[in-house]
Amino acid sequence: MDVFLLIVFWIGLCAAVGIYADKKGRSGAGFFFLAFMLSPIIGGLIALAASPDKAELDRRALREGMRKCPQCAEFVRADAHRCRYCGSELQVLQPKSTHSGELAVTPKERRKYDIIWWTAVALIIVIVWASFLIRTWLH
Ligand SMILES: [Zn+2]
């Protein structure tokens with residue numbers, strides 16, 4: 001039972017590392033695996049050291065319907081009239097226009113890749129659960 005709790009704690013820490021990496025625009029599931037294999041401490045340190053993936057964060061902002069302020073290059077809501085960072089007036093655009101262009105192609109591929117990772121993460125959790133259940137049934 002104690003070993004099982006340790007594994008749950010371990011996976012929880014790995015998930016925290018993955019979420020942190022995901023916030024930085026990095027692959028959350030990839031960092032989950034890294035933490036899972038090398039220990040959450042090492043995975044966490046690598047996630048801390050990793051520089052934010054600015055391009056990926058930009059793509060996410062565009063995917064969420066944000067657009068770039070022409071004055072300060074910060075992301076603001078597509079329907080904003082005034083930039084919340086620099087206060088400059090913004091032209092109101094149709095949100096659709098921010099989704100076109102080359103940036104719209106990559107996230108789909110990235111998403112497919114992420115789904116594979118998360119399936120593997122789910123599999124590990126299921127295997128851990130199953131091994132715990134089998135052990136308790138055998139005793
Ligand atoms: Zn601005």
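Values quoted throughout were computed directly from the atomic coordinates according to the rules given, and no laboratory measurement underlies them. Predicted, not measured: the structure shown is a model, and the values here were computed from it. Cβ: placed from backbone, ideal geometry, glycine included. Neighbour counts: every protein chain shown.
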Q.
Among LEU45, ALA55, ILE124, which residue has its Cα furthest toward the positive end of the charge dipole of the chain, with +1 on Lys/Arg Cβ and -1 on Asp/Glu Cβ?
A. ALA55
Q | THR136 paired with ILE124, simple spin-label distance in nm, labels 7 Å along Cα-to-beta-carbon | A | 2.2 nm
Q.
Output wanted: per-residue J couplings in Hz (rounded whole) for region 41-56, from phi through Karplus 6.51 cos²θ - 1.76 cosθ + 1.60, θ = phi - 60°, x for Gly and Pro.
A. 5, 5, x, x, 5, 5, 4, 5, 6, 5, 6, x, 7, 4, 4, 5
Q | Amide proton proximity set for GLU74, modelled H, under 5 Å, gap of 5+ | A | CYS69
Q. Between the helical axis of 106-138 and the dominant principal axis of the chain, each derived from Cα atoms, what acute angle in degrees is found, rounded to the nearest 10?
A. 20 degrees
Q. Using 1/(1 + (r/R0)^6) with R0 = 41 angstrom and r between the beta carbons of ALA80 and ALA50, what's the FRET efficiency to the nearest 0.05?
A. 0.85
Q: For every other residue with a beta carbon closer than 14 angstrom to the beta carbon of ALA15, add +1 if it is Lys or Arg and -1 if Asp or Glu, then tell me the sum.
A: 0
